[in-house]
Protein chains: 2
Amino acid sequence: MHYLGIDIGGTSIKAGLVDESGAVSELHQAPTVVGDLNGLTATLTDLFGKFQAKAAIRAVGIGVPGLRSYSTSVIQTSPNIPCIHGVNLEALLATKLGMPVITENDAKAGAYGEWVCGAGRHLQHLAYITIGTGLGCGIILHGKLFRGASGYAGELGHTTVEPDGRPCACGSHGCLETRVSATAMVRTARELMQANPDSLLHAVRDTLTAQLVHDAALRGDVTAQAVFEETGRFLGMACANLINLLNLEMIIIGGGVIASGDLLLRTAAGEARRRAFAPAALACPIVQSQLSPNSGLIGAAMLARDGA
Amino acid sequence: MHYLGIDIGGTSIKAGLVDESGAVSELHQAPTVVGDLNGLTATLTDLFGKFQAKAAIRAVGIGVPGLRSYSTSVIQTSPNIPCIHGVNLEALLATKLGMPVITENDAKAGAYGEWVCGAGRHLQHLAYITIGTGLGCGIILHGKLFRGASGYAGELGHTTVEPDGRPCACGSHGCLETRVSATAMVRTARELMQANPDSLLHAVRDTLTAQLVHDAALRGDVTAQAVFEETGRFLGMACANLINLLNLEMIIIGGGVIASGDLLLRTAAGEARRRAFAPAALACPIVQSQLSPNSGLIGAAMLARDGA
């Protein structure tokens, strides 16, 4: 028996056929229609059709960016995909597809995936941090996905790390996401470049991405390396906060930015060790995702499997 | 049937006779012997004797400042009471007193007390923050005291709120406790006084305490009021972080500093509302402790009652 796992991102939708054990046998991708709900559901229905011909699908799990109400299943807010704002996407799709559909915040789905069949198998307490355009987080406590009172828990990206820091899309300022995300890294690079006219980054300044910063860092560009150090320092601070607050057994880092290697992870782990209580820090390795880049869709499929 | 609740602080030990419902009928206090374990246990045994003559005591619960290992019951570290460092205080006292003794971190005990019979009765998810010489925190999740992997969870006071902030006794810097505690407020007052030669605080500069800052604020001293605003701003930031990360139903503030009124609470609540996601912030009132100043000892007694 199979499950369809779907990860809706700000620019593309990834879907995969996932078996009972969490293994992915086939993947398809489609661009995300962000402004038109009919267009979005049509894309999802088309993707479903591609898989339905190949295997018996028991249920569909969908990871979505944004806050999902646990009591009503409605997506309360989704800054990058406005058309699903206020929508009960799982009820809508269950009707269209004629089968059980479950939605969950994408980072929570990723955390669940890493816990079921990734880096955090068999653990009781872990956090999964996914660093892409923004920063998402899902938390497993006592071997269960922790959702909090209404389903909104895990918004580590919108915890303050600098009292008077950069303005954030959420309306606050100094949020972790303004320091640790692809978007944040480009901004940090632009700031640091100004004092370093020799940086390789000047050659690509008009099309700068986190990937280009990473490439330059690997080629020895001091400015690009400083961007990773600064970003890793803030990521380590956030990890130390999680460790001191929740006394976790593992922090798993995934997402597009981390996929490029352990440049961030090393700095982050060092900073976390310096800041957290030693007995708590020792108990909590900071590791790379094992399911990346498919944590979200695998986790969504496993949530559909478990009705969790 | 009664329980003895004890709260060991850095300067004094408070003990109270607590009934099944959490009501306190009698209180005694004694100075804390911080450097000599025999002296400390003698004080505790004496206190126990005073109550034993009055009522049948079924078990003793003790709140201690510091990290307590959940698996071994040993106090791993206690900066203010070095003589209990590495000690299994509950086993030691159980032998001496001939009855069940349970120890727990003092702020966790306070959280449990507020949850059982204080401001947070019947809730599933809450945090209790106690502001005294330092800043402690206990978290209730899914209607249970959350301890994390080893019993060290809840160290909100040692989460970073300023990347390059004040040095902290824990070895890190920029910890919440360096901004929100009686000690921190005195430091903030000393900093702000320098630019305000007219402040009333100059008259008491050599014996400055958080209480004196509070008194001056109530008398209209602008510098003292600014200390409360600055402290409340950091407290609000920490509350917003808890709200966004854990989607709690309530944050309860207690401890000596907050007992003086709602000067901090108002600023903190406003700052938290500005920073946290609206649906999560709306679900989480920030309120004053109902059991203060006895939250810790009542909670410790209730932990002894419940064997929790």
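Since every read-out is calculated from the coordinates, none of them should be taken as a lab result. Keep in mind the model is a prediction, meaning the values are calculated, not measured. Note that each Cβ is placed from the backbone with ideal geometry, even for glycine, and that neighbours are counted across all protein chains shown.
Residue by residue through A:156-169, how many Cβ atoms from other chains fall within 10 Å of the Cβ on average? It would help to have the intermediate numbers written out before the result.
Working: counts 3, 2, 9, 12, 13, 8, 7, 12, 1, 1, 0, 0, 1, 0.
That works out to 5 on average.
Along Cα→Cβ, 7 Å out, is where each label goes; now give me the distance between the ones at A:Ala55 and A:Ala278 in nm to one decimal.
Here the modelled spin labels are 4.9 nm apart.
Please identify which residues in segment B:43-69 have an amide N closer than 14 Å to a label point set 7 Å out from the Cα of B:Ala91, following the Cα→Cβ vector.
Residues B:69 fall inside that zone.
Assuming R0 = 35 Å, can you tell me the calculated FRET efficiency for the pair B:Asn38 and A:Gln124, based on Cβ-Cβ distance, to the nearest 0.05? Working shown, then result.
Details: r = 38 Å, r/R0 = 1.08.
That gives a FRET efficiency of 0.40.
For the pairs A:Lys50/A:Lys144; A:Lys14/B:Lys144; A:Lys96/A:Lys144; B:Lys54/B:Lys144; B:Lys14/B:Lys96, flag any whose C-alpha to C-alpha distance is greater than 28 Å.
On the way: A:Lys50/A:Lys144 32 Å; A:Lys14/B:Lys144 38 Å; A:Lys96/A:Lys144 30 Å; B:Lys54/B:Lys144 32 Å; B:Lys14/B:Lys96 19 Å.
The answer is A:Lys50/A:Lys144; A:Lys14/B:Lys144; A:Lys96/A:Lys144; B:Lys54/B:Lys144.
Using only alpha carbon pairs under 8 Å that are at least six residues apart, calculate the relative contact order of segment B:122-288 and give it in whole percent. Kindly include the intermediate steps, with their values, before the conclusion.
Working: 303 pairs, mean separation 37.7, N = 167.
About 23 percent, as a whole number.
Quick check on chain A: helices-only [θ] at 222 nm, where DSSP H runs of length 4 and up contribute -39,500 (n - 2.57) each and the sum goes over total residues. Nearest 500, please.
On the way: 10 runs with 117 residues, N = 308.
Result for chain A, helices only: -11500 deg cm²/dmol.
Mind checking the alpha-carbon convex hull of the protein assembly as shown and giving the volume per residue in Å³?
Spelled out: Cα convex hull of the protein assembly as shown, divided by residues, is 157 Å³.
Sticking with the crude label model, points 7 Å out along Cα→Cβ, report the distance from A:Asp19 to B:Val204 in nm, one decimal please.
The answer from the label model is 7.3 nm.
I need A:Ile252, B:Ile140 ordered by Cβ neighbour count within 10 Å, fewest first.
Values: A:Ile252 31, B:Ile140 25.
Going from least to most buried by this count: B:Ile140, A:Ile252.
For the residue pair A:Arg190 and A:Tyr70, what label-to-label distance in nm results when each label sits 7 Å from Cα along the Cα-to-beta-carbon direction?
Between A:Arg190 and A:Tyr70, the label points sit 3.8 nm apart.
Tell me, what HN-Hα J-couplings in whole Hz come from the Karplus equation 6.51 cos²θ - 1.76 cosθ + 1.60 at θ = phi - 60° for each residue of segment B:129-134, using x for Gly and Pro?
My calculation for segment B:129-134 gives 10, 10, 10, x, 4, x Hz in order.
Per-residue HN-Hα couplings for segment B:153-165, Karplus 6.51 cos²θ - 1.76 cosθ + 1.60 at θ = phi - 60°, whole Hz, x for Gly and Pro?
With coefficients 6.51, -1.76 and 1.60, one gets 5, x, 7, 4, x, 10, 9, 6, 10, 9, x, 10, x Hz.
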